[in-house]
Amino acid sequence: MKSAVLVFPGINRERDMARALKLVSGNDAAMVWHAETELPKGTDLVVVPGGFSYGDYLRCGAIAARAPVMDAVRKFAADGGLVLGVCNGFQILCESGLLPGVLMRNARLKFICRDVHLRVERNDTPFTRGYTAGQVIKVPVAHGEGNYEADEDTVKRLEGDGRVLYRYCSPDGEVGESHNINGAAASIAGIVSERGNVLGMMPHPENHVEDIMGCTDGRGLFAGLAQHFAKAA
Amino acid sequence: MKARVTVTLKNGILDPQGKAIEGALKSLGVAGIASVRQGKVFDIELDGAADKAKAEAALKDAADKLLANTVIENYAIEVKG
């Protein structure tokens, strides 16, 4: 699996991401500066990491979404390439039009930095095949604007088409308002594009891939992607 | 030529920041506050000769492409001549 990790000014989670990708695939990820107009040849997976691109000025992800490299990412996605956006990366993908909806300020206004539980809604996608459907995983979040909102029709379409891949839940997989940390519509933590090849999620699976962190629940996402490409190759 | 673009949240979009400000104003005892919605103001200077129509077109382009997220926000353009 050849991965390209995008780097914008103010992004700070690109190294954790590259480390996780190397761990599961054995390959170094290419770090791609935002001013580039092309992705490295042979890229399988584009990753938009977390952080605070452009200091969250204007709106989270708004300025990064208009960077030159994003035209290449849009083209890559239009050709069916897999794109993963985490945290600020999810915000950037929404702002760039690759995913519908918007990440609003957390409903209770607090920046949330802690482990949360996610329910894996289905496992027949490249982004979830490392898990079982209904599995509960524990991964950290660190965001102030992670409250996913979209108009009613869009949420209905996301649900109807099975495009919600990850949802906030209790440790035993129960979904409800008391486990919906940021007030997101339908407890949405991660969604995919219409074609299913672009995933945006607020939590950070890349931070739970090694034993030293006390939990390796995030590893399945990356391992699943590596498997997907190993099979394709 | 100077212009102002005002970006506001659409009706029905939850505005927790506005709500917090509203609460603070009420706790300060400021009388008569019914509700607060927070928005953004961009003061923009335009290059070149004064052509109001061109300026408005450029500002609309700016608002659509970057200043507003039209999923959740409305904008208003005011060219001051």
Matching entry among A:Val32, A:Val7 (being within 16 Å of A:Phe76 (Cα to Cα), away from chain B (no Cβ under 14 Å), in contact with a strand residue (DSSP E or B) (Cβ under 6 Å, 6 or more places away or on another chain) and modelled with pLDDT of 95 or more): A:Val32
Among A:Gly224, A:Gly196, A:Gly220, which is crowded, with 22+ Cβ neighbours inside 10 Å and at pLDDT 95 or above? A:Gly220
Tell me, please, whether a residue that is in contact with a Cys (Cβ under 7 Å, 6 or more places away or on another chain) and surrounded by 16 or more Cβ atoms within 10 Å (Cβ to Cβ) can be found in region A:44-59. yes
Just checking, does region A:161-181 include any residue being farther than 20 Å from A:Glu14 by Cα, basic (Lys, Arg), assigned to a strand (DSSP E or B) and touching a helix residue (DSSP H, G or I) at 6+ places or on another chain (Cβ under 7 Å)? yes
Of all the residues that make up region A:75-116, how many are part of a helix (DSSP H, G or I) and either touching a strand residue (DSSP E or B) at 6+ places or on another chain (Cβ under 7 Å) or away from chain B (no Cβ under 14 Å) (or both)? 11
In region A:150-176, what residues are surrounded by fewer than 19 Cβ atoms within 10 Å (Cβ to Cβ) and under 25 Å from A:Arg195 (Cβ atoms)? A:Asp151, A:Glu152, A:Asp153, A:Thr154, A:Lys156, A:Arg157, A:Glu159, A:Gly160, A:Asp161, A:Gly162
Restricting to region A:49-92, what's the tally of residues that are hydrophobic (A, V, I, L, M, F, W, C) and out of contact with any helix residue (DSSP H, G or I) (no Cβ under 8 Å at 6 or more places or on another chain)? 9
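Here's a check for you: in region B:1-26, which residue that is of a type in the set (Lys, Arg) and closer than 21 Å to A:Met104 by Cα is surrounded by the fewest Cβ atoms within 10 Å (Cβ to Cβ)?
Here the residue is B:Lys10.
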Extreme residue, surrounded by the most Cβ atoms within 10 Å (Cβ to Cβ), among residues of region B:41-81 that are within 14 Å of another protein chain (Cβ to nearest Cβ) and part of a loop (DSSP other than H, G, I, E, B): B:Ala68
Return the residue satisfying two criteria in turn: it lies in region B:1-40 and is in a strand (DSSP E or B) and out of contact with any Asp or Glu (no Cβ under 6 Å at 6 or more places or on another chain), and of such residues it is nearest to the other protein chains (Cβ to nearest Cβ). B:Lys40
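The values are calculated or read from the model by the stated rules, or taken from the named source; none is laboratory data. Treat the numbers as computed from the prediction; the structure is a model and nothing was measured. Cβ sites come from the backbone with ideal geometry, for glycine too, and all protein chains shown count toward neighbours.
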